[in-house]
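The values are calculated or read from the model by the stated rules, or taken from the named source; none is laboratory data. These figures come from a predicted structure and were not determined experimentally. Positions of Cβ are generated from backbone atoms using ideal geometry, with glycine treated the same way; all protein chains shown enter the neighbour counts. Heavy atoms of the whole protein, side chains included, go into the accessibility calculation; ligands, DNA and RNA do not. Shrake-Rupley method; radii C 1.70, N 1.55, O 1.52, S 1.80 Å.
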Amino acid sequence: MARRTRGRLIDGVILVDKPSGESSNRILQQVKRAFYAQKAGHTGALDPLATGMLPVCLGESTKFAQFLLDADKGYRVVAELGIRTNTSDADGEIVEQRAVDVTADDVRAAIEPFVGDILQVPSMFSALKHEGTPLYDYARRGIEIERKARPITIYSIDVVAIELPFVTLDVHCSKGTYIRSLVDDLGQALGCGAYVKSLHRTRVGDYPADAMHSLAELQAMVADREDPAEFDYRAMDALLLPVDAPVQQLAEVRVSDKAAGGFLHGQPVAADSTDSFLRIRRDSDAVFLGVGERRESDGLYWPKRVVVL
């Protein structure tokens, strides 16, 4: 007998203001439970220490989560100089302490070389995998894995405050950037070491920070729920961003009903564009159909991800 699927067929994105001390996966499961959703996924984990924007995709939106993983990110980080930890953040063990014999001008000067296109060696306590196993698993067993430096882009680092030994920075960066590695490298450049004391993600792509909702707020909305299948979720669903929110940065093309039907069944659509990806929308009712990927061989946009209507 087929197993019955629990939950609602609900699509969209909720921006969660993640609290400190919780894993991203635990937040995901609690959000999924609050919405009584059949399917959910987050778009780029935050460390338990970190707080801030965690987009959670529900239903069909999960198909487009990869585009948010590729989006630029923004962080506010408080670094403490003079201390290095084995994880490069406050959750780790202190491995080195040095005197903080630097000035505010020294800090500003040390920051400058990190802005732009740089190479960064990921932390051993990252979720990157080596032979199928996350690096942090090796690190916890005391095993050091050689990591190659990877290209990243730091678009800007703005100094918010310098109250030595604490330095508060706003960082706007590309995907693949590890803030803990950036802070550790900055501490090494200053000759005194540094670690991440606190980290708050302020942005993912172009999502507005004022659209975030706390987990406590979401749970309060269903506090009096008795039967999840019979509850009125209209107030909660009104908080969701649309199903195509993860791909809002992509240009859009509208197609005829005939072309829309073909696209949903694996056929390409034509568009006057050279972009790698396009959002495809049915012109007659503005329904979002999915994302098309351009093939150089024919210049057509073939289905990359499509929604189930």
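In region 146-228, what percent of the accessible surface is made up of carbon and sulfur (1.4 Å probe, ligands and nucleic acids excluded)? Roughly 49 percent, rounded to a whole number. To the nearest Å, what is the center-to-center distance of region 260-309 and region 26-85, using C-alpha atoms only? Going from one Cα centre to the other spans 28 Å.
Each of K258 and A238 was given a label point 7 Å from its Cα along the Cα-to-Cβ line. The distance between the two points is 4.2 nm.
The residues of the chain have, on average, 52 Å² of accessible surface per residue, using a 1.4 Å probe with all protein chains present.
Which entries in the list K18/K175; K73/K129; K175/K304; K32/K197 go over 23 Å, if you measure between the two C-alpha atoms of each?
On the way: K18/K175 19 Å; K73/K129 21 Å; K175/K304 21 Å; K32/K197 30 Å.
Listed pairs above 23 Å: K32/K197.
Only one of the values (i) 22.0, 89; (ii) 22.2, 70; (iii) 19.3, 60 was calculated from this structure for Rg and Dmax of the Cα atoms in Å; name its label. Checking each listed value against the structure points to (ii). For the chain, DSSP calls about 85 percent of its internal beta bridges antiparallel. Computed from Cα positions, the angle between helix 179-190 and the longest principal axis of the chain comes to roughly 20 degrees.
Mean separation of Cα pairs under 8 Å and 6+ residues apart, divided by the residue count of the chain: what relative contact order is that in percent? Display every interim value, and only then the final one.
Details: 634 pairs, mean separation 64.2, N = 309.
It comes to 21 percent, rounded to a whole number.
Using 1/(1 + (r/R0)^6) with R0 = 41 angstrom and r between the beta carbons of A99 and A211, what's the FRET efficiency to the nearest 0.05?
Working: r = 44 Å, r/R0 = 1.07.
The calculated FRET efficiency here is 0.40.
Take the Cα of E163, step 7 Å toward its Cβ, do the same at F231, and the gap between the two points is 4.0 nm.
With point charges of +1 on the Cβ of Lys and Arg and -1 on the Cβ of Asp and Glu, referenced to the Cα centre of the chain, which listed residue (G266, F288, Q120) lies farthest in the positive direction of the dipole? Value computed over the given set: G266. Among bridges DSSP assigns within region 224-309, what percent are antiparallel (round to 5)? Given both bridge residues lie in region 224-309, the antiparallel proportion sits at roughly 75 percent.
For the options D117, D285, D17, a Gaussian network treatment of the chain with springs between C-alpha atoms closer than 10 Å singles out D285 as fluctuating the most. Placing a label point 7 Å from the Cα of D72 along the Cα-to-Cβ direction, the residues of region 198-221 with a backbone N closer than 12 Å are 203-207. Rounded to the nearest 20, the Cβ-based charge dipole of the chain about its Cα centre (Lys and Arg +1, Asp and Glu -1) stands at 1160 debye.
Mind giving me the FRET efficiency for E146 and E296? R0 is 30 Å, r the Cβ-Cβ distance, nearest 0.05 is fine.
Using R0 = 30 Å, I get an efficiency of 0.25.
Over the C-alpha atoms of region 21-77, the Rg to Rh ratio, Rh being the Kirkwood estimate, stands at 0.97. Taking all protein chains as shown and a probe of 1.4 angstrom, K197 keeps an accessible surface of around 90 Å². If you run the Gaussian network model on the chain, springs between alpha carbon atoms under 10 Å, then out of L240, L250, L49 the most flexible one is L250.
Both numbers refer to the Cα atoms of region 178-309; Rg and Dmax are 21.8, 65 Å. With one equal scatterer per alpha carbon and no solvent term, the Debye-computed log10 I(q)/I(0) for region 1-110 at 0.10 1/Å reads -0.45.
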